[in-house]
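Inspection log for the structure reproduced underneath, given as structure tokens.
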């Protein structure tokens, strides 16, 4: 299982060499300003990571077998409150925040979808917290898995830099009553990619955005064929099941989504199409 966290660091090295990302997309979710920051972009993603997919399906949805892939992070701002969702590799996120006029010391919370390397690389450097005033939030199931059950040094070091400022929670099941961990932000369980993979619903009133982490890696094929998982998933069957449930949920409830591995603008809406779904990028 350690390959799941290793792939983030390995992919990060390749991606950062391929593209110095500095793109920012701004989205409004009720009273919240949400900024999608491109941490890295890579051309020619490899379809070999896909599971239970036929050559014919690859030929139809990914002609040539390669695709564009991104790793993104999200910054949420409401007044003086600044929250970060995932930290990427710890590279372009800080340059992009500077362009937004945000200092890492202003960040009061870092919300983690899970503990893979491409989501926690910006938490610490040489044991020093890079968001010095922030609390770090993650699902208890995720923390326990990577620090007790299947111990990974990268995850342990990332959390250790924050000491007692690491807070865990039990995310609600999809469709259940939600509990806010920060005003206007609620966690939702989406276990499968990892044992504690978590989504974050952001917004106020009827204007909401679901930041869905690694619910999807290859949008070209996983929107129309949501039962296709990837080799990075800890439990591919569970990942496929929750992906289908989330797609049904956001489509039925008209909730916008944002993905860590969707391509720019990486925020948009989902609508049914055939036996699957299609993605409509924000602004289209």
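Each reported figure results from applying straightforward, stated rules to the coordinates on display, with no laboratory input. This structure is a prediction, so every number in the text was calculated from the model and none was measured. Every residue, glycine among them, receives a Cβ derived from its backbone with ideal geometry; neighbour counts consider all protein chains shown.
Key figures for this structure:
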read-out	value
Of all residues making up region 182-210, the number that are touching a strand residue (DSSP E or B) at 6+ places or on another chain (Cβ under 7 Å) and crowded, with 18+ Cβ neighbours inside 10 Å	18
Residue in region 95-149 that is nearest to the chain's Cα centre (by Cα), counting only those that are under 21 Å from residue 210 (Cβ atoms) and in a strand (DSSP E or B)	111
Looking only at region 150-173, and only at residues there that are outside any strand (DSSP E or B) and under 19 Å from the mean Cα position of the chain (by Cα), the one that is farthest from residue 84 (Cα to Cα)	173
Residues that are free of Cβ contacts under 8 Å to residues at least 60 places away in the same chain, surrounded by 17 or more Cβ atoms within 10 Å (Cβ to Cβ) and over 20 Å from residue 189 (Cα atoms), drawn from region 95-121	102, 104, 107
Every residue from region 221-239 that is surrounded by fewer than 21 Cβ atoms within 10 Å (Cβ to Cβ) and in a helix (DSSP H, G or I)	236, 237, 238
Residue that is out of contact with any helix residue (DSSP H, G or I) (no Cβ under 9 Å at 6 or more places or on another chain) and under 23 Å from residue 144 (Cα atoms), where the choices are 111, 100	111
Residue count, region 131-155 (criterion: surrounded by 21 or more Cβ atoms within 10 Å (Cβ to Cβ) and within 19 Å of residue 74 (Cβ to Cβ))	7
Any hit, region 191-208, residues being more than 22 Å from residue 123 (Cβ to Cβ), touching a helix residue (DSSP H, G or I) at 6+ places or on another chain (Cβ under 9 Å), touching a residue at least 12 places away in the same chain (Cβ under 8 Å) and part of a helix (DSSP H, G or I)	no
Pairs with Cβ under 6 Å, 6+ apart, first in region 146-162 and without any contact (Cβ under 8 Å) to a residue 12 or more places away in the chain, second surrounded by 14 or more Cβ atoms within 10 Å (Cβ to Cβ)	156/147
